[in-house]
Amino acid sequence: MDTLIMVGQLLLGLSILVGLHELGHLLTAKMFGMRVEKFSIGFPPKIAGFQWGETEYSIGAIPLGGFVKISGMIDESMDSDQMSAEPQPWEFRSKPAWQRLIVMLGGIIVNVITGIIIFVYLVYNNGETYFSRDQVVENGIVAYDIGQSIGLKTGDRILDISGEPYTSINDLSSGSALLSENGFYTIERDGQQMKIDIPRGFINSFDSKEALSNFVEIRYPFALSVIDKGGAADQAGITVEDKILAVNGNPVNYFDELQSELAKVKSQEAEITLLSNGDTTFTQVAVTERGTIDIAVKPLIEPVRREYGFAQAVSKGTERAFSVVIVNAKALGKMFTGEVSTRNVSGPIGMAKIYGDSWDWTKFWSITGLISMILAFMNLLPIPALDGGHVIFLLYEMISGRAPSDKFLENAQKVGMVVLLALMVFAIGNDILKIFTG
């Protein structure tokens, strides 16, 4: 069932985005009087479809893309017979270059608009919930393995990122922070300020959904919320009204300190200092082999909650949408230099895992908006067979006044299709490798 939910979300998300992308091409083509022969969500073989006017609308069995076949255009159909005939007024090749350019950009523009609308809606509807910089500075962080690997320590108070203020603890692991040139965190430790460099390629440490939880989180004071009946704390007489002050004489102000002290005495007895009914008391507790005393706690700090009016949501949502493009452009550039590992490239399996095995509409639309912006960016790359490849050839024609020959365009299309196939094989191979290597 978990796999079905992941696959279902992926197929729904891709179908929406691919359908809208191809719709952008279709509408702009028809707007300029071009004949659109086919509109397909998914690649052949066709599993369903219908004819409406001059266009056949269909759904393909391979749900990893889609296409629009416009008369007189050299595309993945490689229809050389049509291209060898005399150009007709309704064909793509008969129209002015500026109209053809708008048609090729139509899908990208729709994906960008879709991404912006999704992010604006999410910001307007959900607002933001986060632990703020002020809360991080006041309480400090808990540094886990990935954070410790670059020199961060539990208790550090992070003041800025590369000399710039930040808003949320989430900014510490944002793509813009991890991909920055000569980036660093300014921290306060034991009353002194110091810099912790963000190493080249540090973003490669975040190649799984578990990685973020292994970086840093905010430290928080705590209160007892649940005492397991019959558990170690219950047997020692501890109640939810009590406050834990120390373990074996070592003060615990934050939950991570309690965890650390209990981990030192697994399967042993520990003296717990309590504040109970206004008095300080002591009790002996048998710590489990897991380093716990069978309790649950609640944080004593509340995250910041921000809500946005419509105008603010438009600004914030648009900013978020384009930040996705900027981060992906930076990451792609650093892949060519070797700083960012190609292991971060994911195919359909990786995308399905990102959606997750539970159906949450907020998460679904967040990821779908993210993918929409990435699809727009990837389609703009100057690779033949992608929209960006066609755009480059059309810009050349508009600047030089000479159109590339049909033979050249056919060969470029073939090369582009080979490149795209190789990239798809590589991405799926990456997905499979991650399954076996973790």
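The values are calculated or read from the model by the stated rules, or taken from the named source; none is laboratory data. Keep in mind it's a predicted model, so treat the numbers as computed, not measured. So basically every Cβ, Gly included, is an ideal-geometry build from the backbone, and we count neighbours across all protein chains shown. The area values use the complete protein model at the heavy-atom level, side chains included, leaving out ligands, DNA and RNA. Shrake-Rupley method; radii C 1.70, N 1.55, O 1.52, S 1.80 Å.
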Discussion item. Compute, for the chain, the length of the dipole vector about the Cα centre, with Cβ point charges of +1 (Lys, Arg) and -1 (Asp, Glu) only. Units Debye, rounded to 20.
Written reply: 1200 debye
Worksheet item: Based on Cβ point charges of +1 for Lys and Arg and -1 for Asp and Glu, what charge dipole magnitude is obtained for the stretch 256-356 about its Cα centre, in debye rounded to the nearest 20?
Response: 900 debye
Item to complete: Would you list the P(r) distribution for the stretch 229-299, with all Cα-Cα distances sorted into 10 Å bins from 0 and each bin expressed as a whole %?
Response: 21, 62, 17, 0
Worksheet item: Between Ile227, Ile218, Ile367, which gets the highest mean-square fluctuation from a Gaussian network model of the chain, Cα cutoff 10 Å?
Response: Ile227
Worksheet item: Going by a ≥ b ≥ c, the root eigenvalues of the Cα gyration tensor, does the stretch 365-438 fall in the rounded group (a/c under 1.5), the prolate group (a/b larger than b/c) or the oblate group?
Response: oblate
Fill in: Rel. contact order, % - alpha carbon contacts under 8 angstrom, at least six apart, the stretch 263-351
17 percent
Practice prompt. Once you've got the Cα coordinates, tell me which of Lys195/Lys334; Lys266/Lys298; Lys69/Lys363; Lys243/Lys264; Lys153/Lys363; Lys69/Lys330 are over 28 Å apart.
Written response: Lys69/Lys363; Lys153/Lys363; Lys69/Lys330
Worksheet entry | Per residue solvent-accessible surface (Å²) - the chain, probe of 1.4 Å | 52 Å²
Worksheet item: Under 19 Å Cα-Cα from Lys229, which aspartates and glutamates qualify once same-chain neighbours fewer than 8 residues away are excluded?
Response: Glu241, Asp242, Glu269, Glu289, Asp294
Response to the item:
Percent of all alpha-carbon pairs of the stretch 162-259 at distances over 23 Å, whole number, is 48 percent
Discussion item. Could you sort the peptides 345-358, 91-104, 50-63 by per-residue average Cβ neighbour count (10 Å cutoff), highest mean leading?
Written reply: 91-104, 345-358, 50-63
Response to the item:
In terms of the alpha carbon gyration tensor, root eigenvalues a ≥ b ≥ c, rounded if a/c is under 1.5 and otherwise prolate when a/b exceeds b/c or oblate, the stretch 274-340 is oblate
Discussion item. Highest mean first, how do 392-400, 17-25, 319-327 rank when packing is the count of other Cβ atoms within 10 Å averaged over residues?
Written reply: 17-25, 319-327, 392-400
Practice prompt. Rounded to whole Hz and in sequence order, give me ³J(HN,Hα) for the stretch 369-381 from the Karplus expression 6.51 cos²θ - 1.76 cosθ + 1.60, θ = phi - 60°, writing x for Gly and Pro.
Written response: x, 4, 5, 4, 5, 5, 4, 4, 5, 5, 5, 7, 4
Item to complete: State log₁₀ I(q)/I(0) for the stretch 81-198 at q = 0.19 Å⁻¹ as given by the Debye formula over alpha-carbon point scatterers of equal weight, solvent excluded.
Response: -1.02
Practice prompt. Between beta-carbons, use under 9 Å as the cut-off and find the net charge around Ala270, counting Lys and Arg +1, Asp and Glu -1.
Written response: -2
Worksheet item: Which percent of the accessible heavy-atom area of the stretch 133-227 goes to carbon and sulfur, probe 1.4 angstrom?
Response: 44 percent
Response to the item:
With -39,500 (n - 2.57) per DSSP H segment of 4 or more residues and division by the full residue count of the chain, the 222 nm estimate, nearest 500 deg cm²/dmol, is -14500 deg cm²/dmol
